[in-house]
Amino acid sequence: DQQVKQNSPSLSVQEGRISILNCDYTNSMFDYFLWYKKYPAEGPTFLISISSIKDKNEDGRFTVFLNKSAKHLSLHIVPSQPGDSAVYFCAAIGGSQGNLIFGKGTKLSVKP
Amino acid sequence: EAGVAQSPRYKIIEKRQSVAFWCNPISGHATLYWYQQILGQGPKLLIQFQNNGVVDDSQLPKDRFSAERLKGVDSTLKIQPAKLEDSAVYLCASSPGHRETQYFGPGTRLLVL
């Protein structure tokens, strides 16, 4: 039973255009959401996060949007660069222990 | 600041053998996590430590997996005996406290033949 879902296994975008990665969740107790980026043979690297009390958080080229009513969040990368090519994981935290629940990931390919 | 260190980076063993992984978290981080990432899946939490105490081990297969965190710093994760389905990347992460951003090590890729 997947509580965090990333329904697109892969996404291909042209350099300079916008990349939009989507994530859905089922557990309304989740109150903090994070995006991690992972290159091959490396561990996930924290990218950006958002609290459930906000609907948008921006950091440079990266913006995360949260729609609580739809239980949906998205990561926008503008403009996309070839170095952004990686697997992106959506993760959620709920409960007192702070355990991360990850989606399966979306592989982003940014073509020059 | 040094990141999370893990060793070995790769390990190949035969089923029913035992194996151990080591993790050194970021200095000063009280919380340490072990995750299992099977190919095509997201990381799944195995165990969480707060200092040297276990906070959550509900998803740890305790009949074959064990973990300890001595003196609240380094940690080891052991599998004995290994099964084919244990083939995965084992990731260690640490954070200053629980419910804070987690920082991951490079992982140990295990292949069980």
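Read the figures in this text as sums done on the coordinates, not as results from a lab. No experiment lies behind these values; they were computed from the predicted model shown. A quick note on method: Cβ atoms are made from the backbone with ideal geometry, for glycine too, and the neighbour counts reach across all protein chains shown.
To the nearest Å, what is the center-to-center distance of region B:74-109 and region A:1-47, using C-alpha atoms only? When both Cα centres are located, 20 Å separates them. When you restrict to C-alpha pairs under 8 Å that are six or more residues apart and normalise by the size of chain A, the relative contact order lands at 37 percent. Spacing of the modelled spin labels on residue B:85 and residue A:51, each 7 Å from Cα toward Cβ, amounts to 4.0 nm. Quarter the surface of the alpha carbon convex hull of chain A and you get the mean projected area, 6.9 square nanometres. A convex hull fitted to the Cα coordinates of the protein assembly as shown yields 125 cubic angstrom per residue.
Remark: C-alpha extents of region B:1-79 on the principal axes read 36, 26, 25 Å, sorted largest to smallest. Counting Lys and Arg as +1 and Asp and Glu as -1 over every other residue whose Cβ lies under 12 Å from the Cβ of residue A:22, the net charge comes to +1. Shown is the FRET efficiency for residue B:15 and residue A:7, computed with R0 = 30 Å from the Cβ-Cβ distance and rounded to the nearest 0.05: 0.30.
Placing dummy labels 7 Å off each Cα toward the beta-carbon, the span from residue B:74 to residue A:72 is 4.9 nm.
Cut-off under 29 Å on the C-alpha distance; same-chain residues fewer than 8 positions from residue B:11 excluded. Which lysines are left, in chain and number order? In chain and number order, the partners are A:37, A:38, A:104, A:107, B:44, B:62, B:71, B:78, B:83. Using Cα-only point scatterers and the Debye equation, what is log10 of I(q)/I(0) for region B:34-103 at each q in 0.15, 0.28 Å⁻¹, rounded to two decimals? Results for region B:34-103 at q = 0.15, 0.28 Å⁻¹ read -0.49, -1.49. Here the calculated FRET efficiency for residue A:61 and residue A:28, from their Cβ-Cβ distance with R0 = 25 Å, stands at 0.25, rounded to the nearest 0.05. Charge tally for residue A:45 (other residues, Cβ to Cβ under 11 Å; Lys, Arg +1; Asp, Glu -1): +1.
Note on residue B:44 and residue A:15: their simple-model spin labels are 3.9 nm apart, each label 7 Å out from Cα toward Cβ. The magnitude of the dipole of the protein assembly as shown, with charges of +1 and -1 set on the Cβ of Lys/Arg and Asp/Glu and taken from the Cα centre, is near 420 debye.
To the nearest 0.05, how large is the calculated FRET efficiency for residue B:7 and residue B:63 if R₀ is 25 Å and r is the Cβ-Cβ distance?
My answer for the efficiency is 0.50.
Here region A:33-75 is assigned +1 on the Cβ of each Lys and Arg and -1 on the Cβ of each Asp and Glu. Its dipole about the Cα centre then comes out at about 140 debye.
Our estimate of slack between residue A:41 and residue A:111, defined as 0.36 nm per intervening residue step minus the Cα-Cα distance, is 23.1 nm.
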